[in-house]
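The values are calculated or read from the model by the stated rules, or taken from the named source; none is laboratory data. Please read these numbers as outputs of a predicted model, since none were measured by experiment. Cβ sites come from the backbone with ideal geometry, for glycine too, and all protein chains shown count toward neighbours. Heavy atoms of the whole protein, side chains included, go into the accessibility calculation; ligands, DNA and RNA do not. Shrake-Rupley method; radii C 1.70, N 1.55, O 1.52, S 1.80 Å.
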Amino acid sequence: TRARYPDRYDEMRRQSHDVLLDHRLNPDDITRTSPPLIEDLLHAKERGMNSFNILNIVPEPKKATQWVAIAKPEVVFTDAFYESFTNRLVPYVAELRRHGLDDMAYLYGFDERQSEYYEGIDRMWRRLGRDVPGVPLVTTAKMYADMTMGKTNLPCLVTTDCYCPCTYRWDRALNARLRAAGKKIWWYTCCGPRAPYANMASYLHPPVEGRLLLGFMTHWAEADGFLFWLVNPWGERSRKTMDERETYFPEWHTRSSEATKCPGDGAFLYPGERRVLPSVRLANIRDGVEDYEWILLAEQAGRGEEIRAAESALVTSLTDFSRDCRALRRQRTRLGDVLSNQ
């Protein structure tokens, strides 16, 4: 957003946040290298935000528009980095507490990193737990995946507060053991998994999958949260800002690399000249979140049997689920009838 609208960044950042909040999503950033502004957080909290990342555990980039997702072990697992990082983090967390925002905050790090990071992650998590108590630590590192393959004897695998595996790795038995130890488990999709799994990263997947994934399927799986990596890969050099008075944008492509083969990946918002524009896929995601909220309302009303019946009509496994929009709407209506009869 800063790169696209350098002269209107504050205005368009807030507008981007509002579009996401309109769609029942947290305007978050797992790879942010500057803490979010307190006034942005207070605004988002007022509109329903329930979670946000403080910082990604990487060095500060030299330019504000530079994207840094990961850092090498020899850079990030040093006393110098830790001191620099916590010198920024500790006073900011104190500010969050003054504004009543600390209960929504977490730290993210080590995006999809593998075993060469585990011992360093463990040491850093333990230090952060002492120096910044009460701030959960979230990761998509492959520790969860390793545990699903039987590697459960490594102490460094179980320091994390919140694990976030890709959906195809989901393991209910492992989740039960981790939750018994006080952990939470989110899940995510990105350029994977591919069919027959549900996803909404690419527009090659039927849009109904995004709705089902964020709604009935996330509740069926008992996930504590859903993470997605990006909503606005706008490519300033090759994709022009859209004039909302036009209807055809031949220069605006959402091609993907040969490596990912995932056209449209993360392109849920589009940059208009006057405002940030939501997509049809984002509307399906919003409807899925609202399906989830209806399920929670039915739970509060003690209607577990009706919820299970609705879910079983749509989802029986991660690869066996309905892509029939009419069937999904029938189950949404079923929940509506349950709620209207309270």
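Of all the residues that make up the range 173-196, how many are in contact (Cβ under 8 Å) with a residue 12 or more places away in the chain, more than 27 Å from G129 (Cα to Cα) and either open to solvent by 60 Å² or more (accessible area, probe 1.4 Å) or not hydroxyl-bearing (S, T, Y) (or both)?
Looking only at that region, the number is 5.
Please count how many residues of the range 290-319 are among the charged types (D, E, K, R) and in contact (Cβ under 8 Å) with a residue 60 or more places away in the chain.
Just the residues of the range 290-319 that are among the charged types (D, E, K, R), to begin with: 290-291, 293, 299, 303, 305-306, 308, 311.
Now restrict to residues that are in contact (Cβ under 8 Å) with a residue 60 or more places away in the chain: 290-291, 293, 311.
Total meeting the criteria: 4.
Out of the residues in the range 46-66 that are over 17 Å from the mean Cα position of the chain (by Cα) and open to solvent by 60 Å² or more (accessible area, probe 1.4 Å), state the one that is nearest to Y117 (Cα to Cα).
The residue in question is E60.
Of the conditions (1) of a type in the set (S, T, Y); (2) open to solvent by 80 Å² or more (accessible area, probe 1.4 Å); (3) in contact with a helix residue (DSSP H, G or I) (Cβ under 8 Å, 6 or more places away or on another chain), Y292 clears all except one; give me its number.
Tallying (1) of a type in the set (S, T, Y); (2) open to solvent by 80 Å² or more (accessible area, probe 1.4 Å); (3) in contact with a helix residue (DSSP H, G or I) (Cβ under 8 Å, 6 or more places away or on another chain), Y292 fails exactly one: (2).
Let's see how each residue does on (1) of a type in the set (D, E); (2) open to solvent by 10 Å² or more (accessible area, probe 1.4 Å); (3) more than 21 Å from the chain's Cα centre (by Cα):
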{"residue": "V138", "(1), (2), (3)": "no, no, no"}
{"residue": "T148", "(1), (2), (3)": "no, yes, yes"}
{"residue": "L157", "(1), (2), (3)": "no, no, yes"}
{"residue": "Y163", "(1), (2), (3)": "no, no, no"}
{"residue": "T167", "(1), (2), (3)": "no, no, no"}
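Applying the selection to the range 93-139, what residues are of a type in the set (F, W, Y) and assigned to a helix (DSSP H, G or I)? Quick ask: steps written out before the conclusion?
Our first condition is that a residue be of a type in the set (F, W, Y); within the range 93-139, this holds for 106, 108, 110, 117-118, 125.
Y117, Y118, W125 - these are the residues of the range 93-139 that are of a type in the set (F, W, Y) and assigned to a helix (DSSP H, G or I).
What tally of residues in the range 71-92 results from selecting those that are assigned to a helix (DSSP H, G or I) and either in contact with a Ser or Thr (Cβ under 7 Å, 6 or more places away or on another chain) or open to solvent by 90 Å² or more (accessible area, probe 1.4 Å) (or both)? Outline the logic, then answer.
Within the range 71-92, the subset assigned to a helix (DSSP H, G or I) is 73-76, 79-92.
So of that shortlist, the ones also either in contact with a Ser or Thr (Cβ under 7 Å, 6 or more places away or on another chain) or open to solvent by 90 Å² or more (accessible area, probe 1.4 Å) (or both) come out as 74, 79, 83, 87.
Residues in the range 71-92 being assigned to a helix (DSSP H, G or I) and either in contact with a Ser or Thr (Cβ under 7 Å, 6 or more places away or on another chain) or open to solvent by 90 Å² or more (accessible area, probe 1.4 Å) (or both): 4 in total.
Out of E112, E119, I need the residue that is of a type in the set (D, E) and at negative phi. Which one? Explain how you work it out, then say what you get.
On the way: E112 fails: at negative phi.
The unique qualifying residue is E119.
Between a first residue in the range 5-29 that is touching a residue at least 40 places away in the same chain (Cβ under 8 Å) and a second residue that is part of a helix (DSSP H, G or I) and open to solvent by 60 Å² or more (accessible area, probe 1.4 Å), which pairs have beta carbons less than 7 Å apart while being 6 or more apart in sequence or on different chains?
Pairs found: H23/R286; R24/R286.
Here are V58, V68: which of them is of a type outside the set (S, T, N, Q), part of a loop (DSSP other than H, G, I, E, B) and in contact with a strand residue (DSSP E or B) (Cβ under 8 Å, 6 or more places away or on another chain)?
On the way: V58 fails: in contact with a strand residue (DSSP E or B) (Cβ under 8 Å, 6 or more places away or on another chain).
Answer to the check: V68.
Looking at the range 233-242, can you tell me whether even one residue there is within 22 Å of C166 (Cβ to Cβ) and surrounded by fewer than 15 Cβ atoms within 10 Å (Cβ to Cβ)?
First, the residues of the range 233-242 that are within 22 Å of C166 (Cβ to Cβ): 233.
Still in the running and surrounded by fewer than 15 Cβ atoms within 10 Å (Cβ to Cβ): none.
The answer is no; no qualifying residue exists.
Just the residues that are open to solvent by less than 20 Å² (accessible area, probe 1.4 Å), touching a helix residue (DSSP H, G or I) at 6+ places or on another chain (Cβ under 7 Å) and either among the hydroxyl-bearing types (S, T, Y) or within 14 Å of T1 (Cα to Cα) (or both), please, taken from the range 243-285.
Hits for the range 243-285 are F268, L269, V276.
Within the range 207-234, how many residues turn out to be modelled with pLDDT under 95 and more than 11 Å from the chain's Cα centre (by Cα)?
4
Can you name the number of the only condition in (1) farther than 25 Å from A223 by Cβ; (2) without any contact (Cβ under 8 Å) to a residue 40 or more places away in the chain; (3) under 22 Å from the mean Cα position of the chain (by Cα) that L89 fails?
Here L89 meets the rest and fails (2).
For the range 228-263, which residues satisfy the criterion of being farther than 23 Å from L277 by Cβ and not hydroxyl-bearing (S, T, Y)? Walk me through how you get there before you give the answer.
Our first condition is that a residue be farther than 23 Å from L277 by Cβ; within the range 228-263, this holds for 257-261.
Result: E258, A259, K261.
Using the structure shown, decide if D103 is under 21 Å from the mean Cα position of the chain (by Cα) and free of Cβ contacts under 8 Å to residues at least 24 places away in the same chain. Spell out how you get there, then give the answer.
Details: under 21 Å from the mean Cα position of the chain (by Cα): yes; free of Cβ contacts under 8 Å to residues at least 24 places away in the same chain: yes.
Yes.
May I ask you to list the residues in the range 1-30 that are more than 24 Å from N284 (Cα to Cα), in a loop (DSSP other than H, G, I, E, B) and open to solvent by 20 Å² or more (accessible area, probe 1.4 Å)? It would help to see each step written out before you state the result.
Let us first name the residues in the range 1-30 that are more than 24 Å from N284 (Cα to Cα), namely 2-11.
Of the ones still in play, those that are also in a loop (DSSP other than H, G, I, E, B) are 2-8.
If the condition is that a residue be more than 24 Å from N284 (Cα to Cα), in a loop (DSSP other than H, G, I, E, B) and open to solvent by 20 Å² or more (accessible area, probe 1.4 Å), then R2, A3, R4, P6, D7, R8 are the ones that fit.
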